[in-house]
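J.: Dropping a structure here in structure tokens format, bear with me for questions.
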Amino acid sequence: LEQTFCKCYCTDNQINWTTVDTNDISKIPNFTLNPKDRCYHCKKWIFEHIISTGNKLYGFKTVMEGSNIDDLGDYRPGLLALKELQIVSPFIACGLTKKDIRELSRELNLPTSDKPSSPCLATRIPYGVEITSDKLKIIENSEELLHHLGITNCRVRCDSNTARIEISLSDFDIVLANREKITDYLHQHGFTYVSLDLDG
């Protein structure tokens, strides 16, 4: 979905774009082992490929990314990789928060102004638990099911044989009204238990 959105946006705005294939998680050092600094290894591997591709195809010397001030308050080992590779983070340099960026996006009539955040699917799996392509696909499809039901902001966390659904409190009625459809789907994909996080 992210790639489709970017492709459409770039095409509509006549922006030259190139896809860098980073889908083979088995090639990312330490990624599948899922250590606590997994994000560092993943970010470094991905941005090394972006730097290489940008330089080779276009002669780019600088690569930018979209972290903001709010990201500095979270545990984000990937930020160290960005620093090591000298990746530029304009929003951080300008002191912009996520709220600031959304407000500026609305002023510029950008279609991303209200786009829900979409953290890496690997964050749905606890540290130390092996990450596989199959697990990520099940999580992606499960969240896509919730999207189709009208829930824009959701997480399906995989904890052993339990699927824990996290959604906004305002969407609880949607989940409860579609309880059987959701539980049937998750049971069919290997989860013994399905829970709804009451904290929202």
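The values are calculated or read from the model by the stated rules, or taken from the named source; none is laboratory data. Remember, predicted model here, so these are calculated numbers, not experimental data. Here the Cβ positions follow ideal geometry from the backbone for every residue, glycine too, while neighbour counts run over all protein chains shown. Just the protein is used for accessible areas: all its heavy atoms, side chains included, with ligands, DNA and RNA removed. Shrake-Rupley method; radii C 1.70, N 1.55, O 1.52, S 1.80 Å.
J.: On full extension of the chain, what length is gained from K99 through H147, given 0.36 nm per residue of separation minus the C-alpha to C-alpha distance?
T.: 15.0 nm
J.: Considering only protein heavy atoms, what is the solvent-accessible area of E143 at a probe of 1.4 Å, reported in Å² to the nearest 10?
T.: Its heavy atoms expose roughly 10 Å² to the probe.
J.: Which option, (i) 31, 22, 17; (ii) 33, 24, 18; (iii) 27, 20, 17, is the value of semi-axes √(5λ) of the Cα gyration tensor in Å that was calculated from these coordinates?
T.: (i)
J.: With a cut-off of 17 Å, note down the residues of region 65-96 whose backbone N falls inside the zone around a label point 7 Å from the Cα of Y9 toward its beta carbon.
T.: Counting backbone N atoms under 17 Å from the label point, the list is 65-69, 89-92.
J.: Apply the Karplus curve 6.51 cos²θ - 1.76 cosθ + 1.60, θ = phi - 60°, to the phi angles in region 189-200 and return the couplings in whole Hz, x for Gly and Pro.
T.: 9, x, 8, 7, 10, 10, 10, 10, 5, 6, 6, x
J.: Counting only protein heavy atoms and a 1.4 Å probe, tell me what percentage of the chain's accessible area is made up of carbon and sulfur.
T.: 53 percent
J.: When the Karplus curve 6.51 cos²θ - 1.76 cosθ + 1.60 is applied with θ = phi - 60°, which whole-Hz ³J(HN,Hα) does each residue of region 161-175 get, with x for Gly and Pro?
T.: 9, 10, 9, 9, 8, 10, 9, 5, 4, 5, 9, 4, 4, 5, 5
J.: Now, a different point. Go ahead and estimate [θ] at 222 nm for the chain from helices alone: -39,500 (n - 2.57) per DSSP H run with n ≥ 4, summed, over the residue count, rounded to 500.
T.: -12500 deg cm²/dmol
J.: At what distance in nm do the modelled label points of D70 and E107 sit from each other, each positioned 7 Å from its Cα along Cα→Cβ?
T.: Distance between the two pseudo-spin positions: 1.8 nm.
J.: Rounded to the nearest 5, what % of DSSP beta bridges with both residues in the chain are antiparallel?
T.: That works out to approximately 55 percent antiparallel.
J.: While we're looking at this one, here's another question. Please work out how many pairs of lysine residues in the chain are eight or more positions apart (or on different chains) and have Cα atoms closer than 13 angstrom.
T.: So the count works out to 6.
J.: Follow-up. What nm distance separates the two modelled labels at E166 and S118, each placed 7 Å from Cα along Cα→Cβ?
T.: Calculated label separation equals 1.8 nm.
J.: Which length gain, in nm to one decimal place, applies between R157 and S133 when the Cα-Cα distance is subtracted from 0.36 nm times their residue separation?
T.: 7.1 nm
J.: For L196, enumerate residues with amide H under 5 Å from its amide H, sequence gap 5+ or separate chain, H modeled in the peptide plane.
T.: I165
J.: Farthest toward the dipole's positive end in the chain, which of I46, C10, L57, given Cβ charges of +1 (Lys, Arg) and -1 (Asp, Glu) about the Cα centre?
T.: Value: L57.
J.: Once the piece of chain linking S52 and L80 is laid out straight, how much longer is it, given 0.36 nm per residue of separation minus the C-alpha distance between them?
T.: Length gained between S52 and L80: 8.2 nm.
J.: Taking the Cα centre of the chain as origin, work out the dipole magnitude from +1 charges on Lys and Arg Cβ and -1 charges on Asp and Glu Cβ, in debye rounded to 20.
T.: 540 debye
J.: Leaving out ligands and nucleic acids, note down the accessible area per residue over region 1-123 with a 1.4 angstrom probe, in whole Å².
T.: 68 Å²
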